[in-house]
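The values are calculated or read from the model by the stated rules, or taken from the named source; none is laboratory data. None of these values were measured; they are calculated from a predicted model. All Cβ positions, even for glycine, are placed from backbone atoms using ideal geometry, and neighbour counts span all protein chains on display. These area figures cover heavy atoms from the full protein model, side chains too; ligands, DNA and RNA do not enter into them. Shrake-Rupley method; radii C 1.70, N 1.55, O 1.52, S 1.80 Å.
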Amino acid sequence: MNVIPLQKNNLAFQTVIPQRTSTLRSMFVTLCTLLILATVSTPVHAKTAEPAKPQVVFLPFTVEIPGSYAYLRNGLASMLASRLASRTNIAAMPQGASTEQMAKALKSGEYGAFSQQLRQSGADYLIMGSLTPKGEQFELTSYVFANAAGQAPKKFQKDFVVIDNAMTAIDEMAWDISGAVFGKEKPEASPQAKGSSAFQTAHPELAYRQGRFAGTASGLEVGGRFELTGSTRSKNIPSEVMDINAGDLNGDGIDEIVLLTNSALIIYGYNEGQFKMLATVDLPKHLRYMSATMADLNKNGFQEIYISGSNGNNPDSSALEWNGKKPTFLFQHVPYYLRTMTAPKEAPVLLGQTTLAGELGADSISLMTLDPRRGVIMGKPLPLPKGFNIFDFAQADINGDGAKETIAINKHNKMQVFDAAGTLLWTSAEQFGATNNFFGTLTSDSGLDKNETVYTRTRMVISDLDLDGVNEVLVGKNRLETVKFMPNLRYFDGSSIAALKWEKGAMTTLWETKKKPGFTVNYQILPPKKGDRQFQLLFAEGETSYPFVFWGSPSSFINSYSIRVN
(Lines give C-alpha, C1' and ligand atoms only; values in the text may rest on other atoms or scores of the structure.)
Protein backbone atom coordinates (compact mmCIF):
# COMPACT_ATOMS: atom_id res chain seq x y z
CA MET A 1 0.00 0.00 0.00
CA ASN A 2 1.06 3.58 -0.66
CA VAL A 3 0.68 6.21 2.03
CA ILE A 4 -0.50 9.41 0.36
CA PRO A 5 -0.30 12.65 2.39
CA LEU A 6 -3.38 14.87 2.16
CA GLN A 7 -4.29 18.33 3.45
CA LYS A 8 -7.41 19.17 5.39
CA ASN A 9 -8.01 22.42 7.31
CA ASN A 10 -4.29 23.20 6.96
CA LEU A 11 -3.41 20.16 9.06
CA ALA A 12 -1.44 17.32 7.49
CA PHE A 13 -2.92 13.84 7.80
CA GLN A 14 -2.46 10.52 6.09
CA THR A 15 -4.99 8.29 4.38
CA VAL A 16 -4.28 4.74 3.35
CA ILE A 17 -5.13 4.13 -0.34
CA PRO A 18 -4.63 0.60 -1.70
CA GLN A 19 -3.06 -0.03 -5.08
CA ARG A 20 -5.85 -2.41 -6.10
CA THR A 21 -8.12 0.32 -7.51
CA SER A 22 -8.78 -1.69 -10.65
CA THR A 23 -9.75 -4.74 -8.57
CA LEU A 24 -12.23 -2.76 -6.50
CA ARG A 25 -13.63 -1.15 -9.63
CA SER A 26 -14.09 -4.52 -11.26
CA MET A 27 -15.84 -5.91 -8.20
CA PHE A 28 -18.18 -2.89 -8.10
CA VAL A 29 -19.04 -3.11 -11.79
CA THR A 30 -19.75 -6.84 -11.70
CA LEU A 31 -21.78 -6.77 -8.51
CA CYS A 32 -23.75 -3.65 -9.43
CA THR A 33 -24.59 -5.03 -12.88
CA LEU A 34 -25.95 -8.30 -11.48
CA LEU A 35 -27.95 -6.62 -8.73
CA ILE A 36 -29.35 -3.88 -10.94
CA LEU A 37 -30.52 -6.41 -13.55
CA ALA A 38 -32.20 -8.38 -10.80
CA THR A 39 -33.93 -5.55 -8.96
CA VAL A 40 -34.16 -2.32 -10.99
CA SER A 41 -36.35 -2.10 -14.03
CA THR A 42 -38.37 1.09 -13.75
CA PRO A 43 -37.60 4.07 -16.03
CA VAL A 44 -37.27 7.43 -14.26
CA HIS A 45 -40.40 8.94 -15.83
CA ALA A 46 -42.68 5.91 -15.45
CA LYS A 47 -44.54 4.22 -12.62
CA THR A 48 -44.10 0.56 -11.77
CA ALA A 49 -46.75 -2.05 -12.49
CA GLU A 50 -47.39 -2.12 -8.74
CA PRO A 51 -48.32 1.45 -7.79
CA ALA A 52 -48.20 0.55 -4.10
CA LYS A 53 -44.40 0.41 -4.25
CA PRO A 54 -42.73 3.67 -3.23
CA GLN A 55 -40.68 5.15 -6.08
CA VAL A 56 -37.13 6.08 -5.00
CA VAL A 57 -34.63 8.25 -6.87
CA PHE A 58 -30.93 7.73 -6.05
CA LEU A 59 -28.62 10.60 -6.99
CA PRO A 60 -24.96 9.93 -7.81
CA PHE A 61 -22.79 10.05 -4.69
CA THR A 62 -20.37 12.92 -4.17
CA VAL A 63 -16.90 11.33 -4.01
CA GLU A 64 -14.12 13.53 -2.59
CA ILE A 65 -11.20 11.15 -2.02
CA PRO A 66 -7.87 11.19 -3.89
CA GLY A 67 -7.21 8.64 -6.58
CA SER A 68 -9.18 7.13 -9.45
CA TYR A 69 -12.47 6.62 -7.65
CA ALA A 70 -14.89 8.59 -9.82
CA TYR A 71 -16.64 5.33 -10.71
CA LEU A 72 -17.89 5.19 -7.12
CA ARG A 73 -20.27 8.10 -7.82
CA ASN A 74 -22.68 5.82 -9.62
CA GLY A 75 -21.35 2.58 -8.15
CA LEU A 76 -22.27 3.43 -4.56
CA ALA A 77 -25.69 4.78 -5.56
CA SER A 78 -26.42 1.70 -7.67
CA MET A 79 -25.40 -0.69 -4.91
CA LEU A 80 -27.52 1.14 -2.36
CA ALA A 81 -30.46 1.10 -4.76
CA SER A 82 -30.14 -2.61 -5.47
CA ARG A 83 -29.75 -3.55 -1.81
CA LEU A 84 -32.84 -1.58 -0.79
CA ALA A 85 -34.89 -2.84 -3.73
CA SER A 86 -34.08 -6.44 -2.82
CA ARG A 87 -34.84 -5.99 0.89
CA THR A 88 -37.83 -3.62 0.93
CA ASN A 89 -40.99 -2.94 -1.01
CA ILE A 90 -39.58 -0.08 -3.10
CA ALA A 91 -39.05 0.53 -6.79
CA ALA A 92 -35.55 1.94 -7.35
CA MET A 93 -35.34 4.28 -10.32
CA PRO A 94 -32.19 3.69 -12.37
CA GLN A 95 -29.51 6.29 -12.76
CA GLY A 96 -28.87 8.14 -15.97
CA ALA A 97 -29.02 11.59 -17.53
CA SER A 98 -31.99 12.63 -15.37
CA THR A 99 -30.29 11.89 -12.04
CA GLU A 100 -27.07 13.55 -13.22
CA GLN A 101 -29.05 16.68 -14.13
CA MET A 102 -30.84 16.67 -10.79
CA ALA A 103 -27.57 16.35 -8.86
CA LYS A 104 -26.00 19.15 -10.88
CA ALA A 105 -28.98 21.48 -10.38
CA LEU A 106 -29.09 20.81 -6.63
CA LYS A 107 -25.38 21.38 -6.10
CA SER A 108 -25.37 24.63 -8.09
CA GLY A 109 -28.38 26.00 -6.21
CA GLU A 110 -30.75 25.87 -9.22
CA TYR A 111 -33.62 24.89 -6.94
CA GLY A 112 -36.42 25.62 -9.37
CA ALA A 113 -35.00 23.28 -12.02
CA PHE A 114 -34.26 20.60 -9.43
CA SER A 115 -37.75 20.72 -7.94
CA GLN A 116 -39.35 20.46 -11.36
CA GLN A 117 -37.20 17.45 -12.30
CA LEU A 118 -37.98 15.75 -8.99
CA ARG A 119 -41.73 16.23 -9.41
CA GLN A 120 -41.58 14.95 -12.99
CA SER A 121 -39.81 11.81 -11.85
CA GLY A 122 -42.80 10.77 -9.77
CA ALA A 123 -40.53 9.84 -6.88
CA ASP A 124 -41.76 9.33 -3.33
CA TYR A 125 -38.24 9.39 -1.88
CA LEU A 126 -34.92 10.96 -2.80
CA ILE A 127 -31.64 9.46 -1.55
CA MET A 128 -28.23 11.06 -1.98
CA GLY A 129 -24.86 10.60 -0.32
CA SER A 130 -21.15 11.22 -0.20
CA LEU A 131 -17.81 9.48 0.36
CA THR A 132 -15.16 11.71 1.95
CA PRO A 133 -11.91 11.42 3.94
CA LYS A 134 -12.23 11.59 7.71
CA GLY A 135 -8.89 11.78 9.46
CA GLU A 136 -7.13 8.56 8.55
CA GLN A 137 -10.46 6.90 7.72
CA PHE A 138 -13.33 7.37 5.29
CA GLU A 139 -16.87 8.60 5.92
CA LEU A 140 -19.89 7.35 3.98
CA THR A 141 -23.01 9.49 4.41
CA SER A 142 -26.54 9.24 3.02
CA TYR A 143 -29.64 11.40 3.36
CA VAL A 144 -33.17 10.17 2.76
CA PHE A 145 -35.77 12.81 1.82
CA ALA A 146 -39.44 11.80 1.83
CA ASN A 147 -42.40 13.30 0.01
CA ALA A 148 -44.27 13.79 3.27
CA ALA A 149 -45.25 17.12 4.83
CA GLY A 150 -43.41 17.94 8.03
CA GLN A 151 -41.05 14.97 7.85
CA ALA A 152 -37.40 15.91 8.25
CA PRO A 153 -34.75 14.06 6.22
CA LYS A 154 -32.97 11.15 7.86
CA LYS A 155 -29.17 10.99 7.94
CA PHE A 156 -27.09 7.80 7.96
CA GLN A 157 -23.33 7.51 8.34
CA LYS A 158 -20.63 4.81 8.33
CA ASP A 159 -16.90 5.16 9.03
CA PHE A 160 -14.33 2.64 7.78
CA VAL A 161 -10.55 2.39 7.54
CA VAL A 162 -9.69 1.15 4.03
CA ILE A 163 -11.46 1.86 0.76
CA ASP A 164 -11.91 -1.87 0.07
CA ASN A 165 -14.55 -1.81 2.85
CA ALA A 166 -16.77 0.62 0.95
CA MET A 167 -18.99 -2.21 -0.33
CA THR A 168 -19.45 -3.62 3.16
CA ALA A 169 -20.23 -0.12 4.48
CA ILE A 170 -22.88 0.52 1.83
CA ASP A 171 -24.43 -2.86 2.58
CA GLU A 172 -24.64 -2.04 6.30
CA MET A 173 -26.02 1.41 5.51
CA ALA A 174 -28.69 -0.17 3.31
CA TRP A 175 -29.85 -2.22 6.30
CA ASP A 176 -29.96 0.92 8.47
CA ILE A 177 -32.09 2.74 5.90
CA SER A 178 -34.24 -0.33 5.38
CA GLY A 179 -35.16 -0.46 9.05
CA ALA A 180 -35.40 3.24 9.87
CA VAL A 181 -37.25 4.39 6.75
CA PHE A 182 -39.01 1.38 5.21
CA GLY A 183 -39.69 -0.77 8.28
CA LYS A 184 -37.65 -3.79 7.19
CA GLU A 185 -35.19 -4.56 9.97
CA LYS A 186 -31.99 -6.54 9.48
CA PRO A 187 -32.23 -10.14 10.65
CA GLU A 188 -30.61 -10.54 14.04
CA ALA A 189 -26.91 -11.25 13.63
CA SER A 190 -25.05 -13.99 15.47
CA PRO A 191 -23.12 -13.05 18.65
CA GLN A 192 -19.85 -13.51 16.75
CA ALA A 193 -20.95 -11.17 13.97
CA LYS A 194 -22.14 -8.59 16.47
CA GLY A 195 -18.79 -8.58 18.22
CA SER A 196 -16.80 -8.19 15.01
CA SER A 197 -18.57 -5.10 13.67
CA ALA A 198 -16.08 -2.41 12.66
CA PHE A 199 -18.51 0.34 11.76
CA GLN A 200 -20.01 3.26 13.64
CA THR A 201 -23.57 4.45 13.09
CA ALA A 202 -23.79 8.22 13.03
CA HIS A 203 -25.73 10.71 15.01
CA PRO A 204 -24.88 10.66 18.71
CA GLU A 205 -25.30 14.46 18.68
CA LEU A 206 -28.66 14.28 16.92
CA ALA A 207 -29.85 11.56 19.29
CA TYR A 208 -28.80 13.75 22.22
CA ARG A 209 -30.63 16.76 20.87
CA GLN A 210 -33.75 14.76 20.02
CA GLY A 211 -33.81 13.40 23.55
CA ARG A 212 -33.18 16.78 25.07
CA PHE A 213 -35.84 18.64 23.13
CA ALA A 214 -38.48 15.91 22.90
CA GLY A 215 -41.58 15.82 25.03
CA THR A 216 -43.58 18.62 26.61
CA ALA A 217 -42.86 22.32 26.68
CA SER A 218 -40.30 23.48 29.23
CA GLY A 219 -41.49 26.01 31.80
CA LEU A 220 -45.08 26.18 30.47
CA GLU A 221 -46.59 23.43 32.63
CA VAL A 222 -50.03 23.67 34.23
CA GLY A 223 -49.79 25.52 37.53
CA GLY A 224 -46.27 26.77 36.87
CA ARG A 225 -45.00 30.32 36.88
CA PHE A 226 -45.71 30.48 33.12
CA GLU A 227 -48.68 28.50 31.85
CA LEU A 228 -49.81 27.67 28.32
CA THR A 229 -53.56 28.22 28.64
CA GLY A 230 -54.67 27.72 25.04
CA SER A 231 -53.59 27.31 21.45
CA THR A 232 -55.16 27.77 18.01
CA ARG A 233 -53.94 26.74 14.57
CA SER A 234 -55.25 28.19 11.32
CA LYS A 235 -56.38 26.24 8.31
CA ASN A 236 -53.77 25.41 5.68
CA ILE A 237 -52.46 28.50 3.86
CA PRO A 238 -51.32 27.38 0.37
CA SER A 239 -48.45 29.85 0.15
CA GLU A 240 -44.81 30.16 1.14
CA VAL A 241 -44.82 32.49 4.14
CA MET A 242 -41.77 34.72 4.45
CA ASP A 243 -42.65 36.59 7.69
CA ILE A 244 -45.37 37.25 10.25
CA ASN A 245 -45.95 40.21 12.55
CA ALA A 246 -48.75 41.60 14.67
CA GLY A 247 -49.99 44.81 16.24
CA ASP A 248 -52.71 47.45 16.12
CA LEU A 249 -52.44 48.76 12.55
CA ASN A 250 -55.24 51.33 12.47
CA GLY A 251 -55.33 52.61 16.05
CA ASP A 252 -58.68 51.08 17.03
CA GLY A 253 -57.23 49.15 19.98
CA ILE A 254 -57.55 45.76 18.25
CA ASP A 255 -54.46 43.90 17.08
CA GLU A 256 -54.13 42.59 13.53
CA ILE A 257 -51.84 39.90 12.12
CA VAL A 258 -49.65 40.67 9.11
CA LEU A 259 -48.58 37.74 6.95
CA LEU A 260 -45.95 38.29 4.25
CA THR A 261 -45.94 35.61 1.55
CA ASN A 262 -43.81 35.28 -1.58
CA SER A 263 -46.38 37.26 -3.59
CA ALA A 264 -48.70 39.14 -1.21
CA LEU A 265 -49.18 40.89 2.11
CA ILE A 266 -52.23 39.49 3.93
CA ILE A 267 -53.87 41.15 6.95
CA TYR A 268 -55.83 38.94 9.35
CA GLY A 269 -58.04 39.60 12.32
CA TYR A 270 -58.14 37.18 15.25
CA ASN A 271 -61.26 36.86 17.37
CA GLU A 272 -62.54 34.04 19.57
CA GLY A 273 -60.05 31.54 18.19
CA GLN A 274 -60.77 32.36 14.55
CA PHE A 275 -58.43 33.88 11.94
CA LYS A 276 -60.32 36.12 9.50
CA MET A 277 -58.75 37.61 6.36
CA LEU A 278 -59.29 41.38 6.28
CA ALA A 279 -57.21 42.54 3.31
CA THR A 280 -54.75 41.30 0.71
CA VAL A 281 -52.14 43.38 -1.09
CA ASP A 282 -50.56 41.77 -4.15
CA LEU A 283 -46.78 42.22 -4.40
CA PRO A 284 -44.36 41.87 -7.34
CA LYS A 285 -43.55 38.17 -7.78
CA HIS A 286 -40.02 38.74 -9.09
CA LEU A 287 -38.80 40.04 -5.72
CA ARG A 288 -37.65 37.92 -2.79
CA TYR A 289 -39.21 39.01 0.51
CA MET A 290 -37.56 38.77 3.91
CA SER A 291 -39.27 40.91 6.48
CA ALA A 292 -42.44 42.81 7.44
CA THR A 293 -41.97 45.11 10.45
CA MET A 294 -44.19 47.85 11.85
CA ALA A 295 -44.10 51.21 13.66
CA ASP A 296 -45.94 54.54 13.59
CA LEU A 297 -42.95 56.69 12.71
CA ASN A 298 -44.92 59.46 10.97
CA LYS A 299 -47.12 59.86 14.09
CA ASN A 300 -50.45 59.75 12.23
CA GLY A 301 -52.05 57.01 14.35
CA PHE A 302 -51.53 54.24 11.77
CA GLN A 303 -48.59 51.87 11.95
CA GLU A 304 -46.59 51.69 8.75
CA ILE A 305 -45.73 48.21 7.46
CA TYR A 306 -42.19 48.09 6.07
CA ILE A 307 -41.70 45.27 3.55
CA SER A 308 -38.06 44.43 2.99
CA GLY A 309 -36.95 42.45 -0.03
CA SER A 310 -34.40 42.16 -2.80
CA ASN A 311 -34.40 42.33 -6.57
CA GLY A 312 -31.54 40.10 -7.58
CA ASN A 313 -28.55 41.42 -5.64
CA ASN A 314 -30.16 44.78 -4.90
CA PRO A 315 -32.26 45.83 -1.89
CA ASP A 316 -35.86 46.66 -2.73
CA SER A 317 -38.22 47.79 0.03
CA SER A 318 -41.65 49.39 0.32
CA ALA A 319 -43.97 50.77 3.02
CA LEU A 320 -47.75 50.98 3.32
CA GLU A 321 -50.49 51.79 5.82
CA TRP A 322 -53.89 50.21 6.41
CA ASN A 323 -56.69 52.35 7.83
CA GLY A 324 -59.03 49.45 8.46
CA LYS A 325 -60.58 49.62 5.00
CA LYS A 326 -57.87 49.87 2.37
CA PRO A 327 -54.06 49.82 2.13
CA THR A 328 -52.10 52.83 0.88
CA PHE A 329 -48.46 52.71 -0.20
CA LEU A 330 -46.23 55.43 1.25
CA PHE A 331 -43.32 54.51 -1.03
CA GLN A 332 -42.17 51.59 -3.14
CA HIS A 333 -38.86 50.11 -4.35
CA VAL A 334 -36.37 52.16 -2.33
CA PRO A 335 -32.80 50.76 -2.54
CA TYR A 336 -32.44 49.73 1.13
CA TYR A 337 -33.11 46.71 3.29
CA LEU A 338 -35.45 48.14 5.94
CA ARG A 339 -36.74 47.07 9.35
CA THR A 340 -38.06 48.71 12.49
CA MET A 341 -36.54 48.15 15.92
CA THR A 342 -38.83 48.35 18.94
CA ALA A 343 -38.60 47.76 22.69
CA PRO A 344 -40.86 48.60 25.65
CA LYS A 345 -40.57 52.22 26.85
CA GLU A 346 -38.34 53.04 23.85
CA ALA A 347 -39.28 55.08 20.77
CA PRO A 348 -39.31 52.86 17.66
CA VAL A 349 -36.64 53.48 15.03
CA LEU A 350 -36.27 52.58 11.37
CA LEU A 351 -33.03 50.94 10.24
CA GLY A 352 -31.59 50.61 6.74
CA GLN A 353 -28.72 48.78 5.04
CA THR A 354 -27.50 48.89 1.45
CA THR A 355 -24.65 46.34 1.36
CA LEU A 356 -24.21 43.19 3.38
CA ALA A 357 -21.50 42.41 5.91
CA GLY A 358 -18.53 40.92 4.10
CA GLU A 359 -19.20 42.59 0.77
CA LEU A 360 -16.08 44.75 0.28
CA GLY A 361 -16.06 45.09 4.06
CA ALA A 362 -19.31 47.08 4.01
CA ASP A 363 -21.84 46.37 6.73
CA SER A 364 -22.96 49.84 7.85
CA ILE A 365 -26.49 49.83 9.29
CA SER A 366 -27.94 53.30 9.67
CA LEU A 367 -30.86 55.11 11.25
CA MET A 368 -33.43 56.13 8.64
CA THR A 369 -35.97 58.96 8.52
CA LEU A 370 -39.11 59.23 6.41
CA ASP A 371 -39.11 61.73 3.54
CA PRO A 372 -42.20 62.73 1.49
CA ARG A 373 -40.25 62.91 -1.79
CA ARG A 374 -37.65 60.15 -1.59
CA GLY A 375 -39.43 57.77 0.77
CA VAL A 376 -36.58 57.42 3.24
CA ILE A 377 -33.26 59.14 3.92
CA MET A 378 -30.22 57.41 5.42
CA GLY A 379 -28.85 59.03 8.56
CA LYS A 380 -26.14 58.23 11.10
CA PRO A 381 -24.68 54.72 11.35
CA LEU A 382 -26.00 52.71 14.28
CA PRO A 383 -23.35 51.85 16.91
CA LEU A 384 -23.07 48.10 16.38
CA PRO A 385 -20.36 45.41 16.50
CA LYS A 386 -18.95 44.59 13.06
CA GLY A 387 -20.07 41.69 10.94
CA PHE A 388 -23.85 41.74 11.50
CA ASN A 389 -26.62 42.34 8.99
CA ILE A 390 -29.86 44.19 9.50
CA PHE A 391 -31.93 41.20 10.64
CA ASP A 392 -29.27 39.77 12.98
CA PHE A 393 -29.75 41.83 16.17
CA ALA A 394 -31.82 43.87 18.60
CA GLN A 395 -30.78 46.62 21.01
CA ALA A 396 -32.40 47.13 24.40
CA ASP A 397 -31.70 47.28 28.12
CA ILE A 398 -31.97 43.66 29.27
CA ASN A 399 -30.24 43.90 32.66
CA GLY A 400 -31.94 46.97 34.12
CA ASP A 401 -28.85 49.18 34.25
CA GLY A 402 -30.31 51.88 31.99
CA ALA A 403 -27.88 51.21 29.11
CA LYS A 404 -28.72 49.35 25.92
CA GLU A 405 -27.14 46.00 25.21
CA THR A 406 -26.84 44.51 21.70
CA ILE A 407 -28.30 41.02 21.41
CA ALA A 408 -27.14 39.48 18.13
CA ILE A 409 -26.92 36.17 16.31
CA ASN A 410 -23.63 35.56 14.51
CA LYS A 411 -22.93 33.68 11.27
CA HIS A 412 -22.71 30.42 13.23
CA ASN A 413 -26.23 31.01 14.64
CA LYS A 414 -24.88 31.56 18.15
CA MET A 415 -26.49 34.28 20.24
CA GLN A 416 -24.14 36.95 21.60
CA VAL A 417 -24.63 39.82 24.04
CA PHE A 418 -22.50 42.99 23.86
CA ASP A 419 -22.50 45.90 26.30
CA ALA A 420 -23.05 49.51 25.25
CA ALA A 421 -19.33 49.89 24.51
CA GLY A 422 -19.33 46.88 22.16
CA THR A 423 -17.58 44.48 24.53
CA LEU A 424 -18.65 40.86 24.14
CA LEU A 425 -20.26 39.62 27.36
CA TRP A 426 -21.62 36.20 26.44
CA THR A 427 -21.95 33.67 23.60
CA SER A 428 -24.47 30.83 23.59
CA ALA A 429 -23.61 27.16 23.26
CA GLU A 430 -26.88 26.44 21.44
CA GLN A 431 -28.01 27.72 18.06
CA PHE A 432 -30.75 30.33 17.69
CA GLY A 433 -32.43 32.25 14.90
CA ALA A 434 -31.59 30.00 11.93
CA THR A 435 -33.93 30.33 8.93
CA ASN A 436 -34.32 29.11 5.37
CA ASN A 437 -34.72 32.68 4.06
CA PHE A 438 -31.83 34.53 2.49
CA PHE A 439 -30.76 37.71 0.75
CA GLY A 440 -30.99 37.73 -3.04
CA THR A 441 -33.05 35.54 -5.33
CA LEU A 442 -32.96 31.82 -5.96
CA THR A 443 -30.65 32.34 -8.93
CA SER A 444 -28.54 35.29 -7.80
CA ASP A 445 -28.30 34.70 -4.03
CA SER A 446 -26.54 37.56 -2.23
CA GLY A 447 -23.89 38.60 -4.72
CA LEU A 448 -21.13 38.11 -2.13
CA ASP A 449 -19.83 34.95 -3.72
CA LYS A 450 -21.49 32.53 -6.11
CA ASN A 451 -21.01 29.73 -3.58
CA GLU A 452 -22.06 31.70 -0.53
CA THR A 453 -25.64 32.22 0.59
CA VAL A 454 -26.25 34.88 3.25
CA TYR A 455 -29.20 33.84 5.41
CA THR A 456 -31.48 36.08 7.43
CA ARG A 457 -32.39 35.43 11.08
CA THR A 458 -35.68 35.04 12.87
CA ARG A 459 -36.39 38.14 14.90
CA MET A 460 -35.42 38.76 18.49
CA VAL A 461 -38.49 40.21 20.17
CA ILE A 462 -37.81 42.44 23.17
CA SER A 463 -40.55 42.33 25.81
CA ASP A 464 -41.02 42.11 29.59
CA LEU A 465 -42.03 38.46 29.48
CA ASP A 466 -42.11 37.82 33.25
CA LEU A 467 -43.68 41.22 34.11
CA ASP A 468 -40.88 42.19 36.50
CA GLY A 469 -40.08 45.50 34.80
CA VAL A 470 -36.94 44.25 32.99
CA ASN A 471 -36.82 43.24 29.32
CA GLU A 472 -36.42 39.65 28.13
CA VAL A 473 -35.77 38.20 24.66
CA LEU A 474 -38.06 35.95 22.63
CA VAL A 475 -36.13 33.97 20.00
CA GLY A 476 -36.64 31.02 17.65
CA LYS A 477 -34.82 27.69 17.75
CA ASN A 478 -35.09 25.98 14.38
CA ARG A 479 -32.88 22.85 14.59
CA LEU A 480 -30.51 23.47 11.69
CA GLU A 481 -29.03 20.58 9.74
CA THR A 482 -26.67 20.99 6.80
CA VAL A 483 -25.57 18.74 3.95
CA LYS A 484 -21.87 19.45 3.70
CA PHE A 485 -21.47 18.07 0.17
CA MET A 486 -24.40 20.26 -1.01
CA PRO A 487 -23.32 23.71 0.24
CA ASN A 488 -26.60 25.44 -0.67
CA LEU A 489 -28.81 22.85 1.01
CA ARG A 490 -29.97 23.14 4.61
CA TYR A 491 -33.00 21.80 6.41
CA PHE A 492 -34.46 21.82 9.92
CA ASP A 493 -35.28 18.95 12.25
CA GLY A 494 -38.12 20.62 14.12
CA SER A 495 -38.41 23.94 15.94
CA SER A 496 -39.47 25.73 19.12
CA ILE A 497 -39.58 29.27 20.52
CA ALA A 498 -37.83 30.28 23.75
CA ALA A 499 -38.04 33.16 26.21
CA LEU A 500 -34.61 34.11 27.59
CA LYS A 501 -33.64 36.28 30.56
CA TRP A 502 -30.27 37.85 31.41
CA GLU A 503 -29.19 36.49 34.80
CA LYS A 504 -25.74 36.21 36.39
CA GLY A 505 -23.88 37.15 33.21
CA ALA A 506 -25.73 34.80 30.83
CA MET A 507 -29.02 34.31 29.02
CA THR A 508 -31.14 31.71 30.82
CA THR A 509 -34.39 30.07 29.71
CA LEU A 510 -37.67 31.20 31.27
CA TRP A 511 -39.76 28.88 29.09
CA GLU A 512 -39.67 27.09 25.77
CA THR A 513 -42.52 25.83 23.62
CA LYS A 514 -42.84 22.16 22.73
CA LYS A 515 -40.74 21.11 19.77
CA LYS A 516 -42.82 21.02 16.58
CA PRO A 517 -41.88 18.95 13.53
CA GLY A 518 -42.37 21.89 11.17
CA PHE A 519 -40.27 24.99 10.57
CA THR A 520 -40.94 28.25 12.43
CA VAL A 521 -40.85 31.08 9.88
CA ASN A 522 -41.10 33.91 12.41
CA TYR A 523 -43.11 35.10 15.42
CA GLN A 524 -44.32 38.05 17.47
CA ILE A 525 -45.54 38.48 21.04
CA LEU A 526 -48.49 40.69 22.01
CA PRO A 527 -48.20 41.93 25.63
CA PRO A 528 -51.09 41.69 28.09
CA LYS A 529 -53.79 44.32 28.01
CA LYS A 530 -53.95 46.63 31.02
CA GLY A 531 -54.83 44.69 34.15
CA ASP A 532 -54.20 41.32 32.49
CA ARG A 533 -51.27 38.90 32.80
CA GLN A 534 -51.70 36.91 29.58
CA PHE A 535 -49.49 37.20 26.50
CA GLN A 536 -50.41 36.11 22.99
CA LEU A 537 -47.62 34.38 21.04
CA LEU A 538 -48.22 34.33 17.30
CA PHE A 539 -46.01 32.41 14.89
CA ALA A 540 -46.05 31.17 11.31
CA GLU A 541 -45.17 27.54 10.71
CA GLY A 542 -44.08 26.08 7.37
CA GLU A 543 -44.53 22.41 6.52
CA THR A 544 -41.33 22.32 4.52
CA SER A 545 -38.03 23.22 6.17
CA TYR A 546 -35.95 23.59 3.02
CA PRO A 547 -34.96 26.86 1.29
CA PHE A 548 -37.18 25.67 -1.59
CA VAL A 549 -39.91 23.11 -2.15
CA PHE A 550 -38.76 19.57 -2.95
CA TRP A 551 -42.22 18.28 -3.85
CA GLY A 552 -45.63 19.76 -4.44
CA SER A 553 -46.60 23.25 -3.31
CA PRO A 554 -45.68 25.25 -0.20
CA SER A 555 -48.01 25.11 2.77
CA SER A 556 -48.10 27.18 5.97
CA PHE A 557 -50.11 27.76 9.15
CA ILE A 558 -50.63 30.53 11.70
CA ASN A 559 -50.44 29.51 15.36
CA SER A 560 -51.62 31.43 18.41
CA TYR A 561 -50.56 30.48 21.97
CA SER A 562 -51.97 32.08 25.10
CA ILE A 563 -49.34 32.25 27.87
CA ARG A 564 -50.23 33.43 31.36
CA VAL A 565 -47.77 34.73 33.95
CA ASN A 566 -48.97 33.38 37.32
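For the stretch 236-279, the share of accessible area belonging to carbon and sulfur comes to 46 percent (1.4 Å probe, ligands and nucleic acids excluded).
A cut-off of 5 Å between modelled amide H atoms, ignoring neighbours fewer than 5 places along the same chain, links Leu425 with Val417, Phe418, Asp419.
Dipole size of the stretch 280-413 about its Cα centre, with +1 on Lys/Arg Cβ and -1 on Asp/Glu Cβ: approximately 300 debye, rounded to the nearest 20. Distant-in-sequence amide contacts of Ala246, defined by a placed amide H-H separation under 5 Å and a gap of 5 or more residues or a different chain, comprise Val258.
Pairs of Cα atoms nearer than 8 Å and 6+ residues apart set the relative contact order; for the stretch 404-540 it is 15 percent. 3J(HN,Hα) along the stretch 502-512, derived from phi through the Karplus expression 6.51 cos²θ - 1.76 cosθ + 1.60 where θ = phi - 60°, amounts to 7, 9, 6, x, 7, 7, 10, 8, 7, 7, 8 Hz, with x in place of Gly and Pro. Taking each residue as 0.36 nm, the span from Glu188 to Ile377 lengthens on full extension beyond its C-alpha to C-alpha distance by 61.0 nm. A straight Cα-to-Cα reach below 16 Å connects Lys154 with the lysines Lys184, Lys484, residues fewer than 8 places away in its own chain not being considered. Of the cross-linked pairs Lys235/Lys276; Lys414/Lys477; Lys107/Lys155; Lys345/Lys504, those separated by over 20 Å at the C-alpha level are Lys345/Lys504. Peptide packing: for 234-247, 411-424, the average count of neighbouring Cβ atoms within 10 Å per residue gives the ranking 234-247, 411-424, highest mean first.
The slack between His333 and Lys411, meaning 0.36 nm per residue of separation minus the straight C-alpha distance, is 25.3 nm.
The residues of the stretch 297-380 expose, per residue, 50 Å² of accessible area to a 1.4 Å probe.
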